[in-house]
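Everything on this sheet refers to the single structure shown next.
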Amino acid sequence: LKKDDIYAVEIVGGATRIPAIKERIGKFFGKEPSTTLNADEAVARGCALQDEQYDHLDELEVTRVDKQVNEAMAWMNTKINQQNSQDLTVDPVVKVGEIKSKAKELYASCNPVVTKPKPKVEPPKEEKTENGPVNGQAEPEIHPGNPDKTKPAGAQQDTAESKLPEMDID
């Protein structure tokens, strides 16, 4: 996604009242940020979009992804808390390589699920028939009194006489 692909920027929350924040966001995206939505409405809209984006996924797969993400976050929070309680002169609790490895593992297991494309739904195809049988109906009956209907479908000649209705002249 590039900055040019973004049509509008909506910012929500207390920080939106800080002019410097609005200015930096506007400068970054190259457009004035909007503050028209209240926080509750913004969250509701975001949830609706997110739900629609993933509604085709299997619920068990989504639950598995959710569990893996929560476990990774818990691991990271534990490491952050350990680091914060440690003296700054001591080696870090977790190395960059460990974090990258954890992120790669999480990406490898979750990405195939969350990027699964929605199935393409094609509209039903309409059957084109020329006054023939439809949906399993039998062939049309042949009426001996009507010369137009004594010939099988497709064998009729399109003449002016064959298109005239049957008339009883007697």
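Rank CYS110, CYS47 by accessible area, highest first, at a 1.4 Å probe radius?
Values: CYS110 10, CYS47 80 Å².
Descending order: CYS47, CYS110.
Can you give the log10 of the normalised intensity I(q)/I(0) at q = 0.21 Å⁻¹, computed with Debye over equal Cα scatterers of region 40-91?
So the normalised log intensities work out to -0.84.
Rank LYS79, LYS95 by accessible area, highest first, at a 1.4 Å probe radius?
Values: LYS79 40, LYS95 100 Å².
Largest accessible area first, the list is LYS95, LYS79.
Quick one: what do you get for region 13-77 if you divide its Cα Rg by 2.2 N^0.38 Å?
Working: Rg = 17.0 Å, N = 65, 2.2 N^0.38 = 10.7 Å.
It is 1.58.
Enumerate the amide H contacts of GLU10 below 5 Å, restricted to partners 5 or more residues apart or on another chain; note that Pro and chain-start residues carry no placed amide H.
Sorted by chain and number, the residues that satisfy this are SER34.
Starting from the residue with the highest accessible area, list VAL114, VAL121 in decreasing order, probe 1.4 Å.
On the way: VAL114 55, VAL121 130 Å².
Ranking VAL114, VAL121 by accessible area, largest first, yields VAL121, VAL114.
Roughly how much of LYS118 is accessible, in Å² to the nearest 10, using a 1.4 Å probe?
Counting only protein heavy atoms, the figure is 90 Å².
The values are calculated or read from the model by the stated rules, or taken from the named source; none is laboratory data. Here the structure is a predicted model, which means the values were calculated and not measured. With ligands, DNA and RNA removed, areas are computed over all heavy atoms of the protein, side chains included. Shrake-Rupley method; radii C 1.70, N 1.55, O 1.52, S 1.80 Å.
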